[in-house]
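So the structure is just underneath, and the comments pick up after that.
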Amino acid sequence: MDLFGTEYFFGPAMVIDVSKSKEISLVQLTPLRSELEQVNFVILYTGWDRHWGTKEYFKGFPVLTAEAAKWLVSLRLKGVCIDAISVDAVKDTPTLPVHRILLGNDVLVIENLTNLHELIGVKITFCCLPLKTQHADGAPARAIAIL
C-alpha cells in the first residue's frame, strides 16, 4: 500500500523570497498566512541553488526553524520545498528535527530545487512526482511549476 497517492504530489503553490535570511522563521512566514492558507505547497526561495556544484552548497545553507515548521504544519500543507540541500542544519542537528516535524505530520519535504527566482509572485501549480522506491527514506523527483 502506498503512503501517499499521486494526487498528493501536485497542487497550488507559493514561492516565498527568504533569500536575505540564514534562518527561516515565523517572522517571514506569519504575515503571509492568508495567502499560504490557499496553497498546498510552500516553496522557500533562498537563492542557495547558485552554489550548486561547489563545496559551499553543503555548508551554511539557510534552514527552517522548528517553530516555523510546526506553524507550517498547522496550515495543512502537502509539502514544504526549498532550493538548498536540506530544511535542517544537518551538521549541527543530526536528528533532523524539522524533517521529523514535517514528515511526522504527512507534509512532504522537497529539497534541491532550482530557478525559483523566476516564480516569486507568480501563481503556479507545483508537481513533484517521485520515483517509486521501496525501503527508502526519499526518492528522486522531477519537480516542475505549471504557470
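Rule-based calculations on the coordinates, nothing more; no lab input. Keep in mind the model is a prediction, meaning the values are calculated, not measured. Every residue, glycine among them, receives a Cβ derived from its backbone with ideal geometry; neighbour counts consider all protein chains shown.
Whats the longest run of the chain with zero chymotrypsin sites (Phe, Trp or Tyr not before Pro) that are DSSP loop and have at most 13 other Cβ atoms within 10 Å?
Details: sites that count: F4, W52.
Maximal segment without exposed cleavage sites: 53-147.
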Sites excluded, trypsin sites (Lys or Arg not before Pro) in DSSP loops with at most 10 other C-beta within 10 Å, longest stretch of the chain: 21-90
Go through (1) 48; (2) 57; (3) 44 and flag the label whose value is the computed percent of Cα pairs over 20 Å apart for this structure. (3)
Within segment 18-147, the percent of DSSP beta bridges that are antiparallel, given to the nearest 5, stands at 40
From the Cα centre of segment 4-66 to that of segment 115-147, the distance in Å is 12
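Scan segment 1-91 for GluC sites (Glu not before Pro) in coil per DSSP, keeping those whose Cβ has at most 15 other Cβ atoms within 10 Å, and list them by number.
Working: sites: E7, E23, E35, E37, E56, E67; in loops: E37.
Sites meeting the loop and neighbour criteria: E37.
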